[in-house]
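Have a look at the structure below, then the notes.
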Amino acid sequence: MKIKFCYISIGFSVAVALSLFSCVGGGESTEQQSLSDVHPNLVLTPDGVDQIKTSLGNVPLFDETLQVVIKEVDAEIANGIEVPVPKDLAGGYTHERHKSNFFMMQKAGVLFQVTGDEKYAVYVRDMLLAYAELWPTIGKHPAERSYARGKIFWQCLNDANWLVYTSQGYDCIYDWLDESTREKLNKELFRPYAEYVSIENPQFFNRIHNHSTWGNAAVGMIGLVMGDEELITWALYGLDMNVPGDIIKDNDGGDIQLEGQKEAGFFAQIDHSFSPDGYYTEGPYYQRYAMYPFLIFAQSLASKKPELEILKYRDALLIKAVYALINQTNTQGEFFPINDSQKGMSLASRELVNAVSMAYYYGGNDPELLSIVKEQGRVPLNNAGVAAAKGVAEGKAQHFKYKSVQLTDGAEGDEGAIGILRANDLTLVMKYAKHGMGHGHFDRLGFLLYDETGEVIQDYGAARWVNIEHKDGGGYLKENHSWAKETVAHNTLVIDKDSHFDGKVKPADKTSGTPYYFLGGDSVQIVSAKELNAYDGITMQRTMAVVSMDELEYPLVIDLFSVQAPEGTRYDLPLYYLGELMSSNQKIQTNNNLIPMGEHDGYQHLWAEAQSDLQGDIFSMTWFNKKKFYTVTSAIDSGDEIIFTRIGANDPNFNLRRDPGLIHRRKGGNTLFASLYEIHGSYDYSTERPLNSFTSIRNLKVLHQSEAFVAVQFQLKTGENYQFAFSQLDKSESSNHEVETPNGALQWKGIYDLNKINK
């Protein structure tokens, strides 16, 4: 079945919109209400409509956004309504058509309120009547790959998306509809729809997960529109936890019901998904995705149930979460691809367009947020959007100050963290948080490095091409489990070629990394954390410092990875650099006959293109990317090896990027991997002139390594020598320390010491 209606579209402008506030188009039943009696109550409130009326023509960002939306919706109206029988996965025609429909209904409802043109209300009404006709005729979606199959879409998650957006459009025309149409839609479409994504799929609705956040918001918002208190109660407080459904794990291996979970619903999502700092346990990609239902439902509750004071809940946690998310971006505004993440997702996403304006409006009118609104170039068509646009128009925007920050994980803030160090345009991120449930990766103590050009040392992200039907319908590929989640796919230590926690989600979810020390905002910035559970009987501690030095054009990164393990342990420390290898100080032997590096734990997807049996004191390699040079310098132990890798083995469908990497391999007991990462020089393609293309580092040596202390010395080619020492057990700033080194006794006070020495 495909239902299609046709309409005539007309051109529109802000001037026309202004003129329509005094009249409403005709042609509809006299039972329907005039616009003066139509009062939306969720995100776009009567006060918001009034503010828009008085602001139109004087708020360029809002005016421009309105023009774009009018053009978009008018084009859809001209094409007619299509409500096809569901068939396809993400990226397929029916999926994308229904997805477009819910966006258009939300936008058309807003346009009805903003412009007063009844054609938009008619469009929403007729679309909803088409869905009311379709809904009782369809069963579960024919695709059987989801743990919670939807009806309109292949999974309940997308069905919930539909209801979150459609509820807003329905709210905008609710009072305009005649009573019989409202009753028909409430009873034949919306109540059955809400029941399907809740009581008929408790394994979807009752989780602590981004999926359930969408489900809770969907049921709650349509409950608010219809005045259905039962639906609102389900949304806020969840269903009976003793009826979990017959599914125990989702498609990503995550548990449906977390160990010890005793509550569900929207309040439980806020309580358990976020730390007090606003960090979301699934990582920034899914925090971005979940922020839309979190904030849009919160705004709706603020309008309809102000007594809940939802925006003040947990010390205004939802507003904090917006700031936490902004701080998890690089200089291009792209989110750190921690856990399952599609690279390139950024502050420009529709979720963040809503979130930033909303945080400005409800969070105290912070002028720094307005600079992000300006960069986004559009605003939501609601109360928050017009307020943000007005602030920009009045010149109130101030530069957003990105800071070095440690964002704790866990509901109480005591289950790990991520550390973010920023110095000028350099950004270093280290992950020692919780696993992240089914979307988590096995990458404790992994790191990423950025400069103003983007990624320098990368995290692979997810093996997925979102909504691209060519690649398994746009969903997660099997290589997401066999490669992207595995430890060897990240810049962290692999022991005996096994992934952390043996690649199992349940034990990984039970623990977190242990924050040890964080120092931000100075010429020496440090993040240090421990991992005590990834491998039985082995403790790991990584300490990374970003040091601004007069002798170097960019800050230097010091990386000290200390391990306490039995003799005979084999270590692999990957480094996924982006760019082209320029040179190395070691002899490299290439492999003519490539074979995969292993059979499991991600090694089956790596080619060993070349290797080097390391000689001397250091390994040094320079690479080039985006007009800049980068060098890694690592201290060598006897018997160390470097393997030059390439992703792509056992990948017949070319699902994986063919990115380069290297693995520092070592065998032994207690050890310290010590490295320096240097950004230097430039290349001008127009003049073909390189500047400062060689490293400034002459040497690096380990002075001391034990469970209690690590110390290194490095020398610049200009002759300066520096020593860096760090206490791994005693964090007291007043403690005095002394270790023996080849240079004699090294003494210092406090947790660390960085000194220029004479030899």
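For segment 171-225, what are the residues that are among the charged types (D, E, K, R) and either modelled with pLDDT of 95 or more or over 29 Å from the mean Cα position of the chain (by Cα) (or both)? Listed by number, the residues that qualify are 171, 175, 178, 179, 182, 183, 184, 187, 188, 191, 195, 200.
Evaluating residue 144 against the criteria (1) open to solvent by 30 Å² or more (accessible area, probe 1.4 Å); (2) in a helix (DSSP H, G or I) leaves one unmet condition, (2).
Contact annotation: residue pairs with Cβ atoms under 9 Å, 6 or more positions apart or on different chains, pairing a residue in segment 571-594 that is within 22 Å of residue 492 (Cβ to Cβ) and touching a residue at least 60 places away in the same chain (Cβ under 8 Å) with a partner that is assigned to a strand (DSSP E or B) and open to solvent by 70 Å² or more (accessible area, probe 1.4 Å), are 571/667. Remark: pairs (first residue in segment 68-92, within 13 Å of residue 106 (Cα to Cα); second residue buried (at least 21 other Cβ atoms within 10 Å of the Cβ) and basic (Lys, Arg); Cβ separation under 8 Å; 6+ apart in sequence or on different chains) = 69/107; 72/107; 73/107.
Only one of the numbered conditions (1) under 23 Å from residue 531 (Cα atoms); (2) under 35 Å from the mean Cα position of the chain (by Cα) is violated by residue 683, and that is (1).
Of the residues 566, 652, 596, 574, the single one that is surrounded by fewer than 17 Cβ atoms within 10 Å (Cβ to Cβ) and touching a helix residue (DSSP H, G or I) at 6+ places or on another chain (Cβ under 9 Å) is 596. Report yes if some residue within segment 209-221 is in contact (Cβ under 8 Å) with a residue 24 or more places away in the chain, open to solvent by less than 30 Å² (accessible area, probe 1.4 Å), farther than 20 Å from residue 467 by Cβ and not in a helix (DSSP H, G or I); otherwise report no. Scanning segment 209-221, I find at least one residue that is in contact (Cβ under 8 Å) with a residue 24 or more places away in the chain, open to solvent by less than 30 Å² (accessible area, probe 1.4 Å), farther than 20 Å from residue 467 by Cβ and not in a helix (DSSP H, G or I), so the answer is yes. Of all residues in segment 41-80, those satisfying the criterion of being assigned to a loop (DSSP other than H, G, I, E, B) and surrounded by fewer than 22 Cβ atoms within 10 Å (Cβ to Cβ) are 41, 45, 56, 57, 58, 80. Pairing each residue of segment 340-363 that is free of Cβ contacts under 8 Å to residues at least 24 places away in the same chain and outside any loop (DSSP other than H, G, I, E, B) with any residue that is charged (D, E, K, R) and surrounded by 24 or more Cβ atoms within 10 Å (Cβ to Cβ), provided the two are 6+ apart or on different chains, yields C-beta distances under 9 Å for 346/288. What residue, among those in segment 691-721 that are without any contact (Cβ under 8 Å) to a residue 40 or more places away in the chain and assigned to a strand (DSSP E or B), is most open to solvent (accessible area, probe 1.4 Å)? Restricting to residues being without any contact (Cβ under 8 Å) to a residue 40 or more places away in the chain and assigned to a strand (DSSP E or B), the top hit is 698. Across segment 81-93, what is the number of residues that are open to solvent by less than 10 Å² (accessible area, probe 1.4 Å) and in contact with a strand residue (DSSP E or B) (Cβ under 9 Å, 6 or more places away or on another chain)? Qualifying residue count, segment 81-93: 3. Residue 638 fulfils the conditions (1) open to solvent by 10 Å² or more (accessible area, probe 1.4 Å); (2) not in a loop (DSSP other than H, G, I, E, B) except for a single criterion, (2).
Taken together, 526, 495 contain a single residue that is over 12 Å from residue 442 (Cα atoms), touching a residue at least 12 places away in the same chain (Cβ under 8 Å) and buried (at least 21 other Cβ atoms within 10 Å of the Cβ), which is 526. Which of the residues spanning segment 548-567 are in a loop (DSSP other than H, G, I, E, B) and among the small types (Gly, Ala, Ser)? Selection gives 548, 565.
Does residue 304 satisfy the condition of being basic (Lys, Arg), open to solvent by 40 Å² or more (accessible area, probe 1.4 Å) and farther than 24 Å from residue 283 by Cβ? Yes; evaluated as a whole, the condition is true for this residue. Counting only residues that are over 12 Å from residue 291 (Cα atoms) and among the hydrophobic types (A, V, I, L, M, F, W, C), segment 308-325 holds 4 of them.
Residue 369 meets all of the listed conditions (1) in contact (Cβ under 8 Å) with a residue 60 or more places away in the chain; (2) closer than 29 Å to residue 50 by Cα but one, namely (1).
Only one entry of 227, 238 meets the criterion of being open to solvent by 20 Å² or more (accessible area, probe 1.4 Å) and at positive phi, and that entry is 227. Tallying residues that are assigned to a strand (DSSP E or B), charged (D, E, K, R), open to solvent by 80 Å² or more (accessible area, probe 1.4 Å) and touching a residue at least 12 places away in the same chain (Cβ under 8 Å) within segment 722-759 yields 3. May I ask you to verify whether residue 473 is surrounded by fewer than 22 Cβ atoms within 10 Å (Cβ to Cβ) and assigned to a loop (DSSP other than H, G, I, E, B)? So residue 473 does not fit the description; no. Determine whether residue 701 is touching a strand residue (DSSP E or B) at 6+ places or on another chain (Cβ under 9 Å), within 23 Å of residue 518 (Cα to Cα) and among the basic types (Lys, Arg). No; evaluated as a whole, the condition is false for this residue. Filtering segment 107-145 to residues that are in contact with a strand residue (DSSP E or B) (Cβ under 7 Å, 6 or more places away or on another chain) and touching a residue at least 60 places away in the same chain (Cβ under 8 Å) leaves 130, 133, 134.
Is it the case, given these coordinates, that residue 509 is surrounded by 20 or more Cβ atoms within 10 Å (Cβ to Cβ) and touching a residue at least 12 places away in the same chain (Cβ under 8 Å)? Considered against the rule, which asks whether it is surrounded by 20 or more Cβ atoms within 10 Å (Cβ to Cβ) and touching a residue at least 12 places away in the same chain (Cβ under 8 Å), residue 509 comes out as yes.
Quick one: in segment 385-422, which of the residues that are more than 30 Å from residue 51 (Cβ to Cβ) and among the charged types (D, E, K, R) is surrounded by the most Cβ atoms within 10 Å (Cβ to Cβ)? Only one residue tops the list, namely 409.
The values are calculated or read from the model by the stated rules, or taken from the named source; none is laboratory data. No experiment lies behind these values; they were computed from the predicted model shown. Cβ atoms come from the backbone with ideal geometry, glycine included; neighbour counts cover every protein chain shown. Side chains are part of the model used for accessible areas, which takes the heavy atoms of the whole protein and leaves out ligands, DNA and RNA. Shrake-Rupley method; radii C 1.70, N 1.55, O 1.52, S 1.80 Å.
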